[in-house]
Amino acid sequence: MPTKTAIVGVGQTGYRFKRTDVTIQELAQDAAAKALEHAHMEMADIDAFVIGVAPDALIGIDNVDRWIGQALGVAHRPQLRVNTGGTTGAAAAQAGYVHVASGMFRTVMVLAADKVSETPDAQWVLNTAMDPIYERSLALNAINMCSFQAVRQMSQYGVTERQLAAVAVRSRRNAAANPYAHLRDPITIDDVMSSRYVCWPLKLLDCCPRSSGACAVIMAAEPQAASSPNRPAWIQGMGATSNTIYMGDKMGPGRDTDHADWDELAIAAASAYERAGITDPLSQIDLAEIYAPFTCTEIAAVEALGFCAKGTGGAMGEQGMFDMGGPMPVNPSGGVLSANPISATALARVAEAALQVMGEAGEHQVPGVRRAVATGIGGTLQFHTCMILGDDA
């Protein structure tokens, strides 16, 4: 049987476009120090480290994990680097969980950091993820591959641009109560609708920002977690899956999945739900922190997580189902549309879900949370993760 494992400490820096005042090592130190303080622990109490960082080209430092590890003082202790694109933080969290659940370590710090602003144009780096023969010459990138999803949702299910805009409005409204969020100014439907098109039908305010920042969580085995002065956020279940890297294989007739949907996330969620004993997600989960860098991706995610039927996510969101105070609050933190430090983004979803279970999410706390779900996506939408956090082991 796996060792019962919980998150007992969380640390985040503020997420901003540029952090010229600190190095990435100092960003990591800041998040680590905050997580240790929250957990009432010292660095000497940590048995192993999992560090999630982006490709070196985005940061401008070769083997940046070695420099971060040195800054944290991890000499003579195990250290593992993880990188799966946008899913990096969530994949690091899952690796951290396995470190503890396997019984190898009592405590593990999972840390992710990013300074996307270090490269003059991150999109040039991200574009190289696409196949150089079949896809890169078409200028396929992270933005238009998601715009294709929005187009498919419109065609398949009747999703409207105003329904997409409603996702952005809710995210910003929630972010206004989160001091760590990058974009905190409230916006209206008209603001979104009048913002310029980036790639139709996605407009500027349908898209996530480029952010810099760091996030850390401390995981502990049951004996240590049970003695924590904080209310532990127990990891009750997790799941992950992957799909083809080729975008062309995800679109068109005769495919196993439709690009409008996230059946891959549904597979990951089903695995996490089974481990956590969840049979009715809408009644057994209190909130969701979803990795949704574009408004259309959140619509696909709420359907894949079983909160509503396929094709209804846009309408349900427009009607307030996923608002604070609604049946299923989504991204109380403001989500990825309000802060996107790429390597740390998915770990921030885990951290925010943990804080909600701990009852320590501050002004954006959802009352009475007993169980939360956190998701991640990465690669060319090919990696999907799902983690369930709850107030009991």
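The values are calculated or read from the model by the stated rules, or taken from the named source; none is laboratory data. This is a predicted model, so every value here is computed, not measured. Positions of Cβ are generated from backbone atoms using ideal geometry, with glycine treated the same way; all protein chains shown enter the neighbour counts.
Among the residues in the range 301-323, are any of a type in the set (Lys, Arg) and within 30 Å of Glu135 (Cβ to Cβ)?
yes
What residue, of Asp62, Asp121, Asp131, Asp56, is at negative phi, charged (D, E, K, R) and touching a residue at least 60 places away in the same chain (Cβ under 8 Å)?
Asp131
Taking the range 113-161, which residues are in a loop (DSSP other than H, G, I, E, B), surrounded by 17 or more Cβ atoms within 10 Å (Cβ to Cβ) and modelled with pLDDT of 90 or more?
Val159
Determine if the range 225-234 includes at least one residue that is in a helix (DSSP H, G or I) and over 30 Å from Gly379 (Cβ atoms). Show your work before the answer.
Initial filter on the range 225-234 (in a helix (DSSP H, G or I)): 225-226.
Going one step further and asking which of them are over 30 Å from Gly379 (Cβ atoms), we end up with 225-226.
Yes, the range 225-234 contains at least one residue that is in a helix (DSSP H, G or I) and over 30 Å from Gly379 (Cβ atoms).
Could you list all residues from the range 95-115 that are within 30 Å of Val22 (Cα to Cα) and touching a helix residue (DSSP H, G or I) at 6+ places or on another chain (Cβ under 9 Å)?
Residues satisfying the conditions are Thr107, Val108, Met109, Val110, Leu111, Ala112, Ala113, Asp114, Lys115.
So how many residues does the range 255-272 have that are in a helix (DSSP H, G or I) and either surrounded by fewer than 15 Cβ atoms within 10 Å (Cβ to Cβ) or out of contact with any Cys (no Cβ under 8 Å at 6 or more places or on another chain) (or both)? Show your work before the answer.
Going through the range 255-272, the residues in a helix (DSSP H, G or I) turn out to be 263-272.
If we keep only those that are either surrounded by fewer than 15 Cβ atoms within 10 Å (Cβ to Cβ) or out of contact with any Cys (no Cβ under 8 Å at 6 or more places or on another chain) (or both) too, we end up with 263-264, 266-267, 270.
So the answer is 5.
How many of the residues in the range 196-209 are under 26 Å from Met324 (Cβ atoms) and crowded, with 17+ Cβ neighbours inside 10 Å? It would help to see each step written out before you state the result.
Step one: filter the range 196-209 for residues under 26 Å from Met324 (Cβ atoms), giving 202-209.
Now drop any that are not crowded, with 17+ Cβ neighbours inside 10 Å, which leaves 202-203, 205-209.
Selection size over the range 196-209: 7.
Within the range 49-96, track down each residue that is of a type in the set (Phe, Trp, Tyr) and touching a strand residue (DSSP E or B) at 6+ places or on another chain (Cβ under 9 Å).
Correct list: Phe49 only.
What number of residues within the range 51-88 satisfy the criterion of being under 19 Å from Thr107 (Cβ atoms), in a helix (DSSP H, G or I) and within 23 Å of the chain's Cα centre (by Cα)?
Qualifying residue count for the region: 2.
Just one of the numbered conditions (1) closer than 27 Å to Asp30 by Cα; (2) of a type in the set (A, V, I, L, M); (3) out of contact with any Cys (no Cβ under 6 Å at 6 or more places or on another chain) is not true of Ala344; which one?
(3)
Does the range 276-323 hold any residues that are without any contact (Cβ under 8 Å) to a residue 60 or more places away in the chain, charged (D, E, K, R) and crowded, with 19+ Cβ neighbours inside 10 Å, and which are they?
Listed by number, the list holds a single entry, Glu303.
Grab the helices (runs of 4 or more DSSP H) fully contained in the range 286-393, keeping just those with 1 or more residues being modelled with pLDDT of 95 or more and under 20 Å from Gln12 (Cβ atoms).
342-358
Quick one: would you say Val108 is closer than 25 Å to Ala225 by Cβ, β-branched (Val, Ile, Thr), surrounded by fewer than 22 Cβ atoms within 10 Å (Cβ to Cβ) and within 23 Å of the chain's Cα centre (by Cα)?
Details: closer than 25 Å to Ala225 by Cβ: yes; β-branched (Val, Ile, Thr): yes; surrounded by fewer than 22 Cβ atoms within 10 Å (Cβ to Cβ): no; within 23 Å of the chain's Cα centre (by Cα): yes.
No.
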